[in-house]
Each structure stands twice: as structure tokens, then as C-alpha cells.
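Input: a single structure, listed below in C-alpha cells.
The values are calculated or read from the model by the stated rules, or taken from the named source; none is laboratory data. Quantities reported herein were computed from a predicted structural model and do not represent experimental measurements. Here Cβ is always computed from backbone atoms with ideal geometry, including for glycine, and neighbour counts include all displayed protein chains.
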Amino acid sequence: MKKCKKCNLAKEESEFYKKTRTKDGLTSDCKECIKKAISIYRNNNRERIRETNRRSRRKHWTRVYAGYRKWWSEHKEIHQAHQAKSYRKHRHKRLAECKIYRLNNPESKESVRLKKSKWMEKNRHKHCAIQATRTAKKLNATPRWLSDDHKKEIRAMYKKASEQEQAIGIKHGVDHIVPLKHPLVCGLHVPWNLQVLTKSENSRKGNRLIEPYLQSAQA
């Protein structure tokens with residue numbers, strides 16, 4: 001048993017933190033008193049703690065971010081599950097904060113729109129790839145085993161379509177060889193199910209399984 005100097009209560013040694021510099025190897029205050037003192041300090045010095053954390057992040061950001069990236073790559077599923085759980089938990093709070101910010105800063109909405117439109121003009125193929133991936137996810141046509149290399153190949157297909165459109169002057173698009181919406185079969189949003197076609201050819205093909213298109217894709 002040991003007496004806490006703060007609350008003057010006799011408690012078990014397990015109720016104290018270890019401290020090698022003291023004679024008995026334990027702290028003079030119990031765990032509960034130390035936790036209360038830390039909580040009071042944090043409440044009274046919120047801005048100071050935040051500013052210290054900001055300075056530390058700015059100073060060591062490159063090293064810290066590299067560590068984060070390494071952990072994310074090694075624990076991708078855990079990270080995604082944690083992000084989804086956090087979003088579900090704080091969704092209403094975040095939406096309310098965003099709404100208040102937009103009402104107080106109406107000019108920010110226009111600046112965001114301008115930035116988005118400029119980005120879309122410069123990166124049209126990336127925007128098309130993102131929209132196609134979003135549509136495929138809604139249709140449950142994006143498999144979970146799709147790797148980062150596969151995603152790069154998909155983006156490369158949309159970039160190829162954009163390059164051909166700029167070179168020839170005819171609108172091109174990326175078509176799913178096996179359609180995502182078909183009464184008999186549902187294709188997947190994977191690299192080997194994509195082909196670059198002109199917009200007119202893509203419109204004629206529609207969601208039908210046409211033999212010439214399959215042969216040209218296999219070739």
C-alpha cells in the first residue's frame with residue numbers, strides 16, 4: 001500500500017505509475033489524480049497545445065507523413081475501415097459545419113467551382129476516370145481485389161482516349177467490352193474489359209455484346 005500525496009488516500013501499488021528515479025520506483029501521485037491534472041491542464045491550455053502541435057507537424061511533416069504513408073500501405077483495409085467508421089460517427093457534425101461555413105463565406109463556393117472547372121479542363125481524362133469508377137461502384141461492378149496497378153491501367157486508358165481525341169480531332173471515349181448494364185450479364189470495371197472507341201462507335205454499340213468489337217478488343 002502507498003499513500004497518494006494529492007488525495008491523501010492509501011491505495012495499492014498498481015494504482016501508481018512507475019518512476020525509476022524515486023526510491024520505491026513509483027510516482028508520488030496516483031493514476032487517477034495525474035489523469036485529472038492532465039485533463040485540467042489540457043482544458044486550460046487548448047490553444048497553446050494546438051499551436052505547439054502545429055509547429056511540430058510543420059517541422060517534422062516530411063518524416064511523419066512518410067511514416068503515415070508506409071503504415072497506410074501496409075494496413076490499407078484497417079485504415080479504410082477506420083475512416084468509414086469515423087465518417088459515419090461525425091457525418092452530421094461535419095455537414096453542419098460545412099453548411100455554416102458556406103453561409104458565412106459565399107465567395108468560397110464560387111472559388112471552389114472555378115478551381116474545379118479549371119482542374120477539369122486540364123485533367124479531363126482523370127475526371128472521366130473518376131466518374132466511371134464512381135458509376136461502376138454504384139453498380140457493384142468494381143471488384144475489391146482491384147490493385148493499384150490495375151487502377152493505373154484504367155486511368156491510362158482514359159488518358160489514351162484523351163490523347164487520341166486531341167491528335168485526330170474526333171471525340172473518343174472508353175467503352176466496356178462486356179457492358180455494365182445488360183439483361184444477361186454484368187461486366188466489370190477492370191483494364192481488360194475496356195477499349196477506346198470514338199463517341200459515335202460507342203453510341204452505336206450501346207449496351208449490346210457485338211462480335212466485331214470483341215474481336216478488335218482481343219486483337
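Results, tabulated for the structure shown:
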| quantity | calculated |
| --- | --- |
| Every pair of residues 6+ apart whose Cβ atoms lie under 9 Å, when the first sits in the range 171-185 and is over 17 Å from Q195 (Cα atoms) while the second is assigned to a loop (DSSP other than H, G, I, E, B) | H182/N207; H182/R208; H182/L209; P183/N207; L184/L209; V185/V178; V185/P179; V185/L209 |
| Failed criterion for H82 (all others in (1) over 30 Å from S147 (Cβ atoms); (2) surrounded by 11 or more Cβ atoms within 10 Å (Cβ to Cβ); (3) of a type outside the set (V, I, T) hold) | (1) |
| Selection count where residues are modelled with pLDDT under 90 and of a type in the set (A, V, I, L, M, F, W, C), scope the range 72-92 | 1 |
| Top-ranked residue in the range 157-180 [being under 27 Å from the mean Cα position of the chain (by Cα) and part of a helix (DSSP H, G or I); ranked as surrounded by the fewest Cβ atoms within 10 Å (Cβ to Cβ)] | K160 |
| The one condition in (1) at pLDDT below 90; (2) closer than 15 Å to N193 by Cβ that K118 fails to fulfil | (2) |
| Residues that are among the acidic types (D, E), closer than 30 Å to E12 by Cα and out of contact with any Lys or Arg (no Cβ under 6 Å at 6 or more places or on another chain), drawn from the range 23-65 | D24, E32 |
